[in-house]
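Handing you a structure now.
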Amino acid sequence: MHKENPIGVFDSGVGGLSVLREIHKLLPHEDLLYVADSAHAPYGDKSKEFILERSTAIVDFFIGQQVKAIVVACNTATGAAVKELRPNYMLPMIAMEPAVKPASEKSITRNIGVLATSRTLASNNFQILFARFADQVKIIAQACPGLVEQVERGDLYSDKTHALIAQYVHPLVNQEVDIIVLGCTHYPFLAPLIQEIAGASVAVIDSGFAIARELKSRLEKAEILSDRTYPGSVQFWSSDETSKTKPVISQLWGVDIHLSKLPERVLA
C-alpha cells in the first residue's frame, strides 16, 4: 500500500456521507472513494447473509481501486459483516461504534438513549457494547423504522419526518435521558430536527469525528498517511440509478457532485 492510494468508504446508502464529511475535514489531503449501496438500502431490514454478501462485493470493488484503508460507514454492516470481513483483507478496516462510551461518561441523569435500526440493535456487536456499560448507565434503545428512507429521499424537514422523529424521541425524553446517541450514520443529517424535538437539555451526539480520528491514527501507525499539501479528491459511486441518487448526494454533500454507477459485477 502506498500512502497516496485512496481510502474507501461505504454505506447502505447516503448516510455514510456524514462520516465521509468528518474524514474529509480531518484528512483534507486524502483521496476518498464513496460507495452508496442505495439500490439495496436500507440494510436494516435485510438478512445478515445478504448484508455480508453486499459488503464483500463493495470491499472487493475497493480492492480493485487499490485503496489503502476501508471505512465501513454503516452501523448495520458493522454488526452483520465486519467480523467476517476483517480476516480476509490485509488492510486497515475501520468500523462504526455508537458513541455510548462518551455518552456514559457525560450523562448526569445516567439515562442515555440510542436511536438505531432494528438490525443494528439486534446485532451481537451492539449487545456486547451495551453490556459493557450496563453497570454505569441505563441504555434505552429505540428502533427507528422509516428514518433511513427519509434521508435516502433527501426529505429532512417534512411533516412526515418530524412526526417520525417525535414518535421515537418523545419516549426517550419521557424517561429522562440527557444524551441521545445516533446509532445510524443516516441520522446526523436529521440531528437539527432531533435536537429541536428533544429540547435544549438533551445532547445529541454521533461518532463520525471519532471514526475519522481512528482512521487517522491507523494510517499514521501503518505509515501510510498522505503527506501531500494539496487537497485530495472525492469520488462517488452508487448501485442505484444515478439520476435518482445524484441529487440527494449533492444535497447532503453540499455541492453538485459527479456520480458513477457501480460496475455490473458489483450490482448483483
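The values are calculated or read from the model by the stated rules, or taken from the named source; none is laboratory data. Computed from a prediction, not measured in an experiment: that's the story for all the values here. Backbone-built Cβ (ideal geometry, glycine too); neighbour counts: all protein chains shown.
Any idea which residue in the stretch 12-47 is modelled with the highest pLDDT, counting only those that are of a type in the set (D, E, K, R) and surrounded by fewer than 17 Cβ atoms within 10 Å (Cβ to Cβ)?
Lys25
Filter the stretch 64-107 down to residues that are among the acidic types (Asp, Glu) and touching a residue at least 12 places away in the same chain (Cβ under 8 Å) and give me whichever is surrounded by the most Cβ atoms within 10 Å (Cβ to Cβ).
This residue is Glu97.
Still on this structure, please answer the following. Only one residue in Thr56, Thr117 is touching a residue at least 12 places away in the same chain (Cβ under 8 Å) and in the same structural domain as Pro171 (by TED's automatic domain parsing), so which one is that?
Exactly one residue qualifies, and that residue is Thr117.
Any idea which of Val151, Val173, Val82 is assigned by TED's automatic domain parsing to the domain that holds Ile249 and assigned to a helix (DSSP H, G or I)?
One residue alone meets the criteria, Val82.
I need the full set of residues from the stretch 217-240 which are in contact (Cβ under 8 Å) with a residue 60 or more places away in the chain and loosely packed, with under 15 Cβ neighbours inside 10 Å, in order please.
Within the stretch 217-240, Ala222, Glu223, Asp227, Arg228, Thr229, Tyr230, Pro231, Ser233 qualify.
Here's a check for you: in the stretch 108-128, which residue that is surrounded by fewer than 21 Cβ atoms within 10 Å (Cβ to Cβ) and in contact with a strand residue (DSSP E or B) (Cβ under 7 Å, 6 or more places away or on another chain) is farthest from Ile180 (Cα to Cα)?
Only one residue fits best here, namely Ser118.
Taking only the stretch 26-44 into account, find how many residues are over 13 Å from Ser239 (Cβ atoms) and more than 16 Å from the chain's Cα centre (by Cα).
6
Using the structure shown, decide if Thr242 is within 21 Å of Gln65 (Cα to Cα) and in the same structural domain as Gly79 (by TED's automatic domain parsing).
yes
Determine, yes or no, whether Pro87 is more than 13 Å from the chain's Cα centre (by Cα), closer than 26 Å to Ile139 by Cβ and not in a loop (DSSP other than H, G, I, E, B).
no
I need the full set of residues from the stretch 98-123 which are in a strand (DSSP E or B) and not aliphatic (A, V, I, L, M), in order please.
Listed by number, the residues that qualify are Asn111, Gly113.
Conditions (1) of a type outside the set (A, V, I, L, M); (2) closer than 24 Å to Ile249 by Cα, marked per residue:
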| residue | (1), (2) |
| --- | --- |
| Ile63 | no, yes |
| Asn111 | yes, no |
| Thr117 | yes, yes |
| Pro145 | yes, yes |
| Gln150 | yes, yes |
| Tyr157 | yes, yes |
| Gln167 | yes, no |
